[in-house]
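Everything below concerns the one structure shown next.
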Amino acid sequence: MNKDYYKVLGVDNSATEADIKKAYRKLAHQYHPDKKDGNESKFKEVSEAYSVLSNKEKRAQYDRFGKTFDGAGGGSPFGPGFDFRGFADGFEFGFDGRNHEDAGNMSDIFDAFFEGLGVKKRKTYKRGADLQFQQEITLEEAFTGIKKIIKYKTFIACKKCSGVGHFPDEGIKPCAACDGRGEIKEARNTFFGNFSQIKNCDKCHGTGQIPNKICKDCDGVGRITGGNEINVNIIPGIADGQMIKVPKAGEKGERGAESGDLYVAIRVKQSSAFHRVGDDLLVKKEINLVDVLLEKQMEIDSISGKKLSVKISSGANLKDKIVIAGEGMPKLGGYGRGNLLVDLDVRAPKKLSSKAKKLLEDLDQEIS
Ligand SMILES: [Zn+2]
Ligand SMILES: [Zn+2]
């Protein structure tokens, strides 16, 4: 049966090497035999197509003669040119097959296969978990910047054993379960043949060593529950929702492993006086119509506590906000400050005496 390798991978004849690789990886992932809805024969089929089309010479040969050269490979399920069971012998993680002519393509196929198995690089120690807290501050505190102390309960290093979980001075012996290697080889039978997979030894937690004296305070884990306290420096201009990372302030790791990080999510409370828009601050100012007409100086409180004096210039559109440059929030990571925008709320005089009314009528006469 002559299969069209291009069709198998869902690419056309002019596909580039990158297109072919991309198509293969997608399909290999989809059909992986270890997946619930995987398909072993499909997986083999796409791997076979890829082994030919990813090789320049084989692809040229295939383009010219089709699959007629088949058989030359001597019965390998993966088509001509290599017997991949021989190739797989002694395969281990970290295997470097560069001495083989098909190594490039084959390692792609192995990668696709083992990625699907969920094999991960072995890890000796368990890093502590990251933590997240929320810290509420006022807009004024966001303006000046502030230091906050956060107290919390977490895993901290066991003091008795300095976080190691045992006492190195008491000596250690090699782990019997893994012969001191820290890892265990596990044979796995797959359609590729037999593979050894390397796993972390559970008995010694991958260290290859069993301590003579385990710390009783922490049961050998190296960490206990305790209180922690950090000083968080909140910089001026911080915005609501921004996150501060405090490295290594999270949970202590197991058996001397490093700690996780701590993240502080900043919540900036709404202010009754100012409304923040990016680096700018918006303030509402109630003003009497007569004061506007008389171009009186207005006094405006800035967020820094400074009193600012502003005058409405004649002919101004009262709907426009008055911009006071550089009186907004500090710019994060930059220089200077945003602006203060004054939104005028112009009120008509409440009650006019007959004398006042007369004066206004005179004014009306005068200016119209
Ligand atoms: Zn301990
Ligand atoms: Zn072991």
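Excluding same-chain residues fewer than 8 positions from Lys245, which lysines have a Cα within less than 21 Å of its Cα?
Qualifying lysines at Cα under 21 Å: Lys126, Lys147, Lys148, Lys151, Lys153, Lys269, Lys331.
In which sequence would Ser309, Ser162 go, from the one with the fewest C-beta neighbours within 10 Å to the one with the most?
Values: Ser309 9, Ser162 13.
Neighbour counts put them in this order, fewest first: Ser309, Ser162.
Non-local amide H neighbours of Gly208 (under 5 Å, H modeled in plane, Pro and chain starts lacking H): which ones?
Distant-sequence amide H within range of Gly208: Gly182.
Whose amide H sits under 5 Å from the amide H of Leu262, counting only residues 5 or more places off or on another chain, with H placed in the peptide plane?
Leu131, Val246, Lys248, Ala249, Gly250
May I ask you to derive the relative contact order of region 248-322, considering only C-alpha pairs under 8 Å and at least 6 residues apart, and to give it as an integer percent? Don't jump to the answer; show the numbers that get you there.
On the way: 58 pairs, mean separation 11.0, N = 75.
Once divided by the residue count of region 248-322, the mean separation gives 15 percent.
Nearest 0.05, what FRET efficiency do Lys185 and Ser14 give at R0 = 41 Å with Cβ-Cβ as r?
Working: r = 45 Å, r/R0 = 1.10.
Using R0 = 41 Å, I get an efficiency of 0.35.
Please turn the phi angles of region 282-293 into ³J(HN,Hα) values with the Karplus equation 6.51 cos²θ - 1.76 cosθ + 1.60 (θ = phi - 60°), one per residue in order, whole Hz, x for glycine and proline.
Using θ = phi - 60°, the values come out as 10, 10, 9, 10, 7, 9, 7, 4, 5, 4, 5, 5 Hz.
Fewest to most neighbouring Cβ within 10 Å: what's the order for Cys178, Cys161? It would help to have the intermediate numbers written out before the result.
Working: Cys178 21, Cys161 24.
Final ranking by Cβ density, sparse to dense: Cys178, Cys161.
How high is the FRET efficiency from Ser309 to Gln270, r the C-beta distance, R0 30 Å, rounded to 0.05?
Details: r = 27 Å, r/R0 = 0.90.
Once the sixth-power term is evaluated, E becomes 0.65.
Show me, for region 337-351, the HN-Hα J-couplings you get by feeding each phi into the Karplus relation (A = 6.51, B = -1.76, C = 1.60, θ = phi - 60°), rounded to Hz, glycine and proline as x.
Whole-Hz 3J(HN,Hα) from phi for region 337-351: 10, x, 10, 9, 10, 9, 9, 7, 10, 7, 10, 6, x, 5, 9.
Go through region 258-274 residue by residue and turn each phi into a ³J(HN,Hα) via Karplus (6.51, -1.76, 1.60, θ = phi - 60°); whole Hz please, and just put x for glycine and proline.
5, 7, x, 9, 10, 10, 10, 8, 8, 10, 9, 5, 5, 9, 7, 8, 10
Can you give the FRET efficiency for Asp130 and Asn288, using 1/(1 + (r/R0)^6), R0 = 35 Å, r = Cβ-Cβ distance, to the nearest 0.05? Kindly include the intermediate steps, with their values, before the conclusion.
On the way: r = 56 Å, r/R0 = 1.59.
So the FRET efficiency works out to roughly 0.05.
Does region 274-367 classify as rounded, prolate or oblate by the C-alpha gyration tensor (a ≥ b ≥ c root eigenvalues; a/c under 1.5 gives rounded; else a/b over b/c gives prolate, otherwise oblate)?
Numbers: a/c = 3.36, a/b = 2.87, b/c = 1.17.
Here region 274-367 falls in the prolate category.
Using alpha carbons only, how many angstrom separate the centre of region 193-237 from the centre of region 343-363?
Region 193-237 and region 343-363 have Cα centres separated by 77 Å.
Sort Phe167, Phe155 by Cβ crowding within 10 Å, fewest neighbours at the top.
Details: Phe167 16, Phe155 24.
Placing the least packed residue first, the sequence is Phe167, Phe155.
By its C-alpha gyration tensor, with a ≥ b ≥ c as the square roots of the eigenvalues, how is region 154-275 shaped: rounded for a/c under 1.5, else prolate for a/b larger than b/c, else oblate? Let's see the in-between values first.
Numbers: a/c = 5.01, a/b = 1.82, b/c = 2.75.
Since a/c reaches 1.5 but b/c is at least a/b, the shape of region 154-275 is classed as oblate.
Could you pull out every one of the aspartates and glutamates with an alpha carbon less than 12 Å from that of Lys285, ignoring same-chain neighbours closer than 8 positions?
Glu299, Asp301, Asp343, Asp345
In debye, nearest 20, what is the charge dipole magnitude of region 274-367 about its Cα centre with +1 on Lys and Arg Cβ and -1 on Asp and Glu Cβ, if you could check?
Values: 17 positive and 15 negative charges, 61 e Å.
Charge dipole of region 274-367: 300 debye, to the nearest 20.
Using Cα positions and a limit of under 16 Å, work out the lysines in reach of Lys350, with same-chain residues fewer than 8 apart set aside.
Partners found: Lys358.
All of the numbers you see were taken from the coordinates with simple rules; none came from a lab. Computed from a prediction, not measured in an experiment: that's the story for all the values here. All Cβ positions, even for glycine, are placed from backbone atoms using ideal geometry, and neighbour counts span all protein chains on display.
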